[in-house]
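What follows is a structure written as structure tokens; I'll ask about it next.
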Amino acid sequence: MTIKSISGCIGCEECVKSCPCDVIRMDGNKAYIAHAADCQICHLCRMYCPVDAIEMAPEKSIPVILPWG
Ligand code: SF4
Ligand code: SF4
């Protein structure tokens, strides 16, 4: 499990759209972790969430550093 929790979700679906691995799905207007084992720890869902609803597990909380440009 790399996403620890999703709380305070406002249902914008940005995390669902940003996840390259289809980990997150919507249940009505709330996001939930549907396929935790597929998470590649890219942090895109966390970065795109406008209300910081997604909390990563502590041991996975350092974003992968990507080359710039
Ligand atoms: S960290 Fe990346 S792979 Fe994992 S759920 Fe978020 S967007 Fe998807
Ligand atoms: S990006 Fe954040 S607020 Fe939007 S659906 Fe995902 S968890 Fe909810």
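Report, by residue number, each residue of the stretch 35-56 that is of a type outside the set (Gly, Ala, Ser) and not in a loop (DSSP other than H, G, I, E, B).
Asp38, Leu44, Cys45, Arg46, Met47, Tyr48, Ile54, Glu55, Met56
Which pairs turn up if I take residues in the stretch 15-30 that are within 16 Å of Ser5 (Cα to Cα) and look for partners that are of a type in the set (Gly, Ala, Ser) and in a strand (DSSP E or B) with beta carbon separation below 8 Å, at least 6 apart in sequence or on another chain?
Once the first residue is within 16 Å of Ser5 (Cα to Cα) and sits in the stretch 15-30, its partners that are of a type in the set (Gly, Ala, Ser) and in a strand (DSSP E or B) give Cys15/Ala31; Val16/Ala31; Ile24/Ala31; Arg25/Ala31.
In addition: Would you pick out the residues in the stretch 2-34 that are closer than 23 Å to Leu66 by Cβ and part of a loop (DSSP other than H, G, I, E, B)?
Correct list: Thr2, Cys19, Pro20, Cys21, Asp22, Val23.
Read the figures in this text as sums done on the coordinates, not as results from a lab. The structure displayed is predicted, hence computed values, not measured ones. With ideal geometry, Cβ positions are generated from the backbone for all residues, glycine too; neighbour counts draw on all protein chains shown.
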